[in-house]
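The values are calculated or read from the model by the stated rules, or taken from the named source; none is laboratory data. Keep in mind it's a predicted model, so treat the numbers as computed, not measured. Don't worry about glycine lacking a Cβ; one is built from the backbone with ideal geometry, like all the others, and counts go over all protein chains shown. Note: areas computed on protein heavy atoms with side chains; ligands, DNA, RNA excluded. Shrake-Rupley method; radii C 1.70, N 1.55, O 1.52, S 1.80 Å.
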Amino acid sequence: QVQLVESGGGLVQTGASLRLSCAASGLTFKNYVMGWFRQAPGKEREFVAYIWTGGRPFYADLVKGRFTISRDNDKNTVYLQMNSLESEDTAIYYCAARRGVLTSVVAPGFVDYWGQGTQVTVSS
């Protein structure tokens, strides 16, 4: 049974930083591209970032330069470091996994497994 468990969300002020973690189990982590999506109230789930097994990252334009995705293949964990947070970053953040080594995860339809989500709230 595949499980993706996110942690690290919370309430912060504009300009602050947060680090999200996603611990994966029940799958061969190195065989999956890992990603992050987010969903704000009343909006569709949107792509944030993904990372290949070898560590190459890809980002949505809205977060490029502020967010950093990384992974630890020994710990089966993917991270999202979020800096310079803005109120527009307020959303539930979801960890995502897609089978493959060099695939992309830029749309919800590409995702094989989802985490339960962690709330990030940025107050101004």
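See the values below:
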| read-out | value |
| --- | --- |
| Rounded accessible area of Y59 (nearest 10 Å², 1.4 Å probe) | 50 Å² |
| Gain on full stretching of the segment that runs from D72 to T103 - 0.36 nm per residue minus C-alpha separation | 9.3 nm |
| Segment 92-124 residues near the modelled A16 label - backbone nitrogen below 17 Å, point 7 Å along Cα→Cβ | 92-93, 118-124 |
| Centre separation in Å (Cα based) which lies between segment 61-124 and segment 7-43 | 4 Å |
| Residues of segment 61-78 with amide N under 17 Å of a point placed 7 Å along Cα→Cβ from Q119 | none |
| Length added when fully stretched, E88-T28, from 0.36 nm per residue minus Cα-Cα | 18.2 nm |
| Residue among S87, S21, S104 with the largest mean-square fluctuation in a Gaussian network model of the chain, springs linking Cα atoms under 10 Å | S87 |
| Relative contact order of segment 43-124, pairs being alpha-carbon contacts under 8 Å that are 6 or more residues apart, as % | 29 percent |
| Heavy-atom accessible surface of the chain: percent carbon and sulfur, 1.4 Å | 48 percent |
| 1.4 Å probe accessible area per residue over segment 35-120, in Å² | 49 Å² |
